[in-house]
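Here is the structure we will look at, set down as structure tokens.
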Amino acid sequence: MLSSTPTDAQRILDAYDASLLDASSIVTAEEREIVEAAQNYLAMYEAVRIGIQVGNDETIRQSYNGALAQRFSGITPTEQLHIDQAMLLHQLENILAKNSMSRVSSWRRPFKEQTARRSVAPSL
């Protein structure tokens, strides 16, 4: 059925007749994996496309699968730009959060020490 590894997921699924081929011994395990990957790619692509349409970076990040995106074609350069921006924004948010936590930790340590010294010091 699939003599090479095609990159157009929709064409793969259009050519695959599940009612005839799901139970067939002619279809190899590799071909079944390609069909499953094509289905997963199209589901991923649809979710990412919706995330882009509504401007929801979280949906884009949670839905996007880089391995599937490299395996199949269909993501436009503009869509890829949105995906890249969503991923970069997430990385920046993580860096800022880590940096903030580091600052809070470094501020809390002397504060705790100072508070502990005050509570131990005798009252006059």
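Side notes on the structure shown:
- A23/E46 FRET efficiency (R0 22 Å; Cβ-Cβ; nearest 0.05): 0.20
- Ordering V54, V48 by the number of other Cβ atoms within 10 Å of each residue's own Cβ, fewest first, gives V54, V48.
- The simple Förster model, with R0 at 22 Å and r as the Cβ-Cβ distance, assigns M87 and L13 a FRET efficiency of 0.25.
Values in this text are rule-based calculations from the coordinates and carry no lab data. All values derive from a computational prediction rather than experimental measurement. Cβ atoms come from the backbone with ideal geometry, glycine included; neighbour counts cover every protein chain shown.
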